[in-house]
Amino acid sequence: MNAPDRIANPVRPAFDTTLREDSVIVSIGPSHPATHGTIQIFTELDGEKVVRADLHCGYLHRGFEKECEDHTWHNLIPYVDRLNYCSALINDFAYCDAVEQMMGVAITPRCKYLRTLLAEYSRLADHLTCVAASLMELGAMTAFLYLVMLRDWIYEHLADLTGARVTYTYGRIGGLARDLPDGWLARLDEILVKYEEFIGRVHGLMDRNRIFIERTRDVGVITAADAIDWGYSGPMLRSTGVARDLRKDTPYLAYAELDFEVPVGIKGDNYDRYYVRMREMDESVHMIRQLMAMLPDGPVSVDDRRCTLPEKRLVYTEIESLINHFKLIMEGPQVPAGEIYVAHESANGELGFYLVSTGGGTPWKVHVRAPSFVHMGGAHKMLEGYQLADIIPTFGSINMIGGECDR
């Protein structure tokens, strides 16, 4: 191949000529933490004003969906952890719910309430991460440190339960890996008390801070109509005033039994996205306290040989349990042929799993409806018309998680 052949089709941005003679094209990113490592934003600038923007998601080079076709249904759980790694337990529970529905498995009451509690605890950690990073990008380091301290206590607390700090592999088809250790709920109560203290300090620092308000109000606006057109969900959609929440609209797990509100914004700007996430954290704490009081005794996994691994004691002493263990590990649970779509309300919005089974121990197809990937499609609407300095705070308010965007 000669040199001209190699450069016949160079990789270029979506636009390579300017609309105006006095504007310039500038590439922002990919860099971390500004554009979360993988995102490249091509912008046309008129001075400091963004005239056009085009976002390129980049790749983490993991091939999640295709990789799922070569592993058993159980072995996919560590992979789904790594979609939104800021709230990995929600990924676990949504995926396991989809497989359980295909198999006709009903989880135990204790598992149902525990999954709901841990999903809200994960939402709390995710929102803390997003709000902390967004405030840090505006220079609010004190508020950032308060929120990250809370998040780190939650990470340590979840590590006590799951044995891992970020990607837990804690969900199981038909239940959970293990029950709560002694003293775990008492420590949870201590963290929630600290949350109320620290979040009050952040409200005092930020809510009426002139710099914060001028950098966030009427900045990065997306209308409700545009948000719906681009398929937005979660806090991004609710910030525009649309009270769409799967926990209310299509209840799953124990959400139908809980008392909670769905916070909404007004304008869909950066301030509204901050406000909605701050209010959602309060609602998550309120739900966690209810679930602590409602949590029943009993097993955390169903007694079903089709999906639940037998106790190690039995594996070592009974030939039937040994064979059952061997077949579940080597061949995987045998999921009936069919297809299903199951969606949960993740921290970023509608997290859906579309699964197709041919009746064996491995899936034929796994597709993830990842909110971060959907939100990237319309992100340019929140950047165009605003200042160059607004790009990073606005992008941070979207809370793009690279693992979800990866294809």
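None of the figures in this text is laboratory data; all of them are computed from the coordinates on show. Model, not experiment: these values are computed from the prediction. Positions of Cβ are backbone-derived with ideal geometry, glycine not excepted, and every protein chain shown enters the neighbour counts.
Details
- Ranking of THR216, THR18, THR129 by count of other Cβ atoms within 10 Å, fewest first: THR18, THR129, THR216
- Square roots of five times the Cα gyration tensor eigenvalues for the chain, Å: 39, 28, 17
- Note on the chain: GNM, Cα springs under 10 Å; of GLY234, GLY360, GLY175, the largest mean-square fluctuation is that of GLY360.
- Anchor LYS327: aspartates and glutamates whose Cα lies under 15 Å away (excluding residues fewer than 8 positions away in-chain): ASP304, GLU311, GLU318
- Cross-link partners of LYS381 among lysines (Cα-Cα below 26 Å; sequence separation of 8 or more within a chain): LYS49, LYS267
- Summing Lys and Arg as +1 and Asp and Glu as -1 over all other residues whose Cβ lies under 9 Å from the Cβ of ARG52 gives a net charge of -3.
- Each other residue within a Cβ distance under 14 Å of ASN209 adds +1 if Lys or Arg and -1 if Asp or Glu, for a net charge of +3.
- Think of segment 64-369 as having a plus end and a minus end, set by charges on the Cβ of Lys, Arg, Asp and Glu; of TRP230, GLY104, LEU205, LEU205 sits farthest toward the positive end of this dipole.
- With Cα atoms defining each centre, segment 213-269 and segment 349-399 are spaced 15 Å apart in the structure.
- In summary, the lysines within cross-link reach of LYS112, defined as a Cα separation below 18 angstrom excluding same-chain residues under 8 places away, comprise LYS248.
- In segment 47-146, the trypsin sites (Lys or Arg not before Pro) that fall in loop regions by DSSP, at most 16 other Cβ within 10 Å: ARG62
- GNM on the chain, alpha-carbon springs under 10 angstrom: the most fluctuating residue among THR162, THR308, THR358 is THR358.
- Listed residues ALA227, ALA243, ALA337, most fluctuating in the chain (Gaussian network, C-alpha, under 10 Å): ALA337
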